[in-house]
Amino acid sequence: MNRRRFLAASAYSMAAATLPLQSVQEAAARTRSVASGAIAGHADVAAVRDMVKLFMDMDERHGGQHGRSAFVQYLVTDIAQLCRGRFAGEEVRAEALSVASAGAHLAGWKAYDSGEQGLAQRYYLQSLALARASGVPGQDGFVMRTMSQQGMKLHRPEHCLALAETGWDRAKDRVDQQVEALFAVTHAHALAKTGQAPRALADVDRAHAALAAGVRAGDEVPFWALVWGPPAATVHSRTAKVFETLGDRPNAARSYATAAASRPGTTYARIIALDLVAQAEQQAKQGSIEQACTTWDRAIDTMAGVKSARTLKAVRTLRADLRPYRARGVRVAAELDERARIFLTHQR
């Protein structure tokens, strides 16, 4: 983390994306040998967890670039110090390393949101090592799930299915139903990306069944699985990506709309905006340009105060998508394009 310039220049590596779990065991073993220092108890871990949760909420509300330097500093001071300490017991140690893994995961997500994919991947690998060292059921699989999603987003699906499968295997029968739904729907997306439509749709159904069962049972969702908000919203958003990949635009648009409506708007501004942008794109591709412009307008409303490379890219793409409609003199397209232009000007 202190070698920031070197890490920031790192390229996304397919070799790193295919690392088996045993390859991170050496790094994980180092974290088991905690250095001498104060004895950390449940209260110390809870304090760090609360701070990480605060940064997680800020990240979703204001974007990955907001507070990023402060959070990296918190990682290299407070969280690193916690990991170097002595623990009151094995349970506290597991909690501490689990929280540290969630912190490294968030740092990776912030790098991802800023377009630094190589740096994000390195943080994810560190998060994986910490999760494995903690022994918390399913958390290492959750990080692999994130790494699979990163590869799919970068249009590098070569090993994403294996990552999704291995991550899910690490979590099966070890996590509650709502969390298992998150693994199932990511696996469905990876199947869709590799042209396996029937299996992908079967896993979508499995994800939604697990989600419903977990909600009925009142499953407790662990701290580290709440990165992108309520599991229901994440399942709907990822389901939309499955439909989009399979070319089913009506179902993709409906699922993106459901995902956006399933998250508290005051906390999850960035991801709601991105779901709305994706919904509008599906509407436009179906020829419903006025409906799409209305949805895009809502997305820009939601982006106010968000500092994210992904939201800026979404607005630039929006303007490109509107170009043929502007050329044909479609008034709503021209008005929205002007609003998008002003939005981008103010973001500089």
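The values are calculated or read from the model by the stated rules, or taken from the named source; none is laboratory data. Remember, it's a predicted structure, so these values are computed and weren't measured experimentally. FYI the Cβ positions are ideal-geometry reconstructions off the backbone, even for glycines, and counts take in every protein chain you see. To get the accessible areas, we keep the full protein, side chains included, count just its heavy atoms, and leave off ligands, DNA and RNA. Shrake-Rupley method; radii C 1.70, N 1.55, O 1.52, S 1.80 Å.
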Problem set entry | Average accessible area per residue (Å²) across the range 213-255 - probe 1.4 Å, nucleic acids and ligands excluded | 41
Problem set entry | Extended-chain gain in nm, criterion 0.36 nm per residue less alpha-carbon gap, residue 226 and residue 39 | 64.5 nm
For this session: Enumerate the amide H contacts of residue 40 below 5 Å, restricted to partners 5 or more residues apart or on another chain; note that Pro and chain-start residues carry no placed amide H.
Result: 86, 87, 88
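If you count, for each residue, the other Cβ atoms within 10 Å and average over each peptide, how do 68-78, 285-295 line up from highest to lowest?
Taking the mean over residues of other Cβ atoms within 10 Å, the ranking is 285-295, 68-78.
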Seminar exercise, completed: Scoring only Lys, Arg, Asp and Glu (+1, +1, -1, -1) among other residues with Cβ under 11 Å from the Cβ of residue 172 yields -2
Exercise. What list of ³J(HN,Hα) values in whole Hz, one per residue of the range 170-185 in order, does the Karplus curve 6.51 cos²θ - 1.76 cosθ + 1.60 (θ = phi - 60°) give from phi, with Gly and Pro shown as x?
Worked result: 5, 9, 4, 6, 10, 10, 6, 4, 4, 6, 4, 4, 5, 5, 4, 6
For this session: Would you mind calculating the relative contact order of the chain from Cα pairs under 8 angstrom and at least 6 residues apart, reporting the percent as a whole number?
Result: 14
Exercise. Which of the lysines could a cross-linker bridge to residue 307, judged by Cα under 27 Å and excluding same-chain residues fewer than eight apart?
Worked result: 53, 110, 153, 241
Exercise. Sorted by average packing, counted as other Cβ atoms within 10 angstrom per residue and highest first, what order do 195-204, 253-262, 232-241 take?
Worked result: 232-241, 253-262, 195-204
Exercise. Ordered by packing density, taken as the mean number of other Cβ atoms within 10 Å over each peptide's residues, highest first, how do 123-132, 56-65 rank?
Worked result: 123-132, 56-65
Exercise. Any idea what % of Cα-Cα pairs in the range 89-169 are farther than 17 Å?
Worked result: 44
Exercise. What net charge is computed for the residues neighbouring residue 62, neighbours being all others with C-beta under 14 Å from the C-beta of residue 62, Lys and Arg scored +1, Asp and Glu -1?
Worked result: +2
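If you roll a 1.4 angstrom probe over the protein chains with everything in place, what fraction of the accessible area of the chain belongs to carbon and sulfur, to the nearest %?
51
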